[in-house]
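Q: Here it is, the structure in full.
The values are calculated or read from the model by the stated rules, or taken from the named source; none is laboratory data. Keep in mind the model is a prediction, meaning the values are calculated, not measured. Quick reminder, even Gly has a Cβ in these numbers, built from the backbone with ideal geometry, and neighbours come from all protein chains shown. When the accessible area is computed, the model is the full protein with side chains, heavy atoms only, and any ligands, DNA or RNA have been set aside. Shrake-Rupley method; radii C 1.70, N 1.55, O 1.52, S 1.80 Å.
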Amino acid sequence: MSDLAYATGSAGDTHDRAYHLAQDPHPENGTALGFWLYLMSDCLIFAALFATYGVLGRSYAGGPSGAELFDLKLVALNTGFLLLSSITFGFAMLQKQQGKVNGTLGWLVITGMFGLCFLGLELYEFHHLIHEGATPQSSAFLSAFFALVGTHGLHVTFGTVWLVTLMVQIKKHGLTQANNRRLMCLSMFWHFLDVVWIGVFTFVYLMGVL
């Protein structure tokens, strides 16, 4: 970007000021604040979905209930995948703090694999439910279930795409200040999804089965 310069004169003196907009420093903690605001907006979305499920979660319309549909062992395995991905992401952040590019990338790869395992099992669960006739149109309970769990799954999908994109950036440019900042934001996002899933596992699956 070209420099923007202007001159002002006073008593024969001319003072030139040049603004290098492309090189302005990033505002300290600006990205973190903005990303926290985004996470708060996501909290509102999930709060609305949880509230909807709380109201409609017993409206079976003569169809199957959660106790009849949910495979708790499968869901527990899926929960383990997501929780392990949070731990491996933590290891990646430790490697990042030590400036180790290969170590950071290695743990991010493992994190992405756990994320893909989670998505694979969730898609299998959805396919099985729909094959059994338990579609979102079957009852208000299933509409609320697919909306809540599906929204979380979409977030994990976007997080995985973000993870892969960031790995490419780190491989190409290293652990630059910008990439470190992006890693911190993705770390907050990934751990946030873990917290939301614990709520889903408890409120939807455990309470639905018990």
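Q: So, A92, is that one farther than 30 Å from H173 by Cα, in contact with a Phe, Trp or Tyr (Cβ under 9 Å, 6 or more places away or on another chain) and open to solvent by less than 40 Å² (accessible area, probe 1.4 Å) or not?
A: Details: farther than 30 Å from H173 by Cα: no; in contact with a Phe, Trp or Tyr (Cβ under 9 Å, 6 or more places away or on another chain): yes; open to solvent by less than 40 Å² (accessible area, probe 1.4 Å): yes.
No.
Q: Inside region 27-80, can you point out the residues that are among the aromatic types (F, W, Y) and open to solvent by less than 50 Å² (accessible area, probe 1.4 Å)?
A: F35, F46, F50, Y53, F70
Q: Additional query: Given the conditions (1) in a loop (DSSP other than H, G, I, E, B); (2) of a type in the set (G, A, S); (3) open to solvent by less than 30 Å² (accessible area, probe 1.4 Å), report the number of the one that S86 does not fulfil.
A: Status for S86: all satisfied but (1).
Q: Does region 54-73 contain any residue that is closer than 25 Å to M184 by Cβ and either assigned to a helix (DSSP H, G or I) or at pLDDT 95 or above (or both)?
A: Here is the first cut: in region 54-73, the residues closer than 25 Å to M184 by Cβ are none.
Checked region 54-73: no residue is closer than 25 Å to M184 by Cβ and either assigned to a helix (DSSP H, G or I) or at pLDDT 95 or above (or both).
Q: Follow-up. When you check F158 against the structure, is it out of contact with any helix residue (DSSP H, G or I) (no Cβ under 6 Å at 6 or more places or on another chain), open to solvent by 80 Å² or more (accessible area, probe 1.4 Å) and within 27 Å of A47 (Cβ to Cβ), yes or no?
A: Yes, satisfied.
Q: List the residue pairs whose Cβ atoms are under 7 Å apart, where the first residue sits in region 120-139 and is closer than 15 Å to T151 by Cα and open to solvent by less than 30 Å² (accessible area, probe 1.4 Å), the second is among the small types (G, A, S) and modelled with pLDDT of 95 or more, and the two are 6 or more positions apart or on different chains.
A: Short answer, once both residue conditions are applied: E122/G153.
Q: Something else about it: Does G115 qualify as being in contact (Cβ under 8 Å) with a residue 40 or more places away in the chain, in a helix (DSSP H, G or I) and open to solvent by less than 20 Å² (accessible area, probe 1.4 Å)?
A: yes
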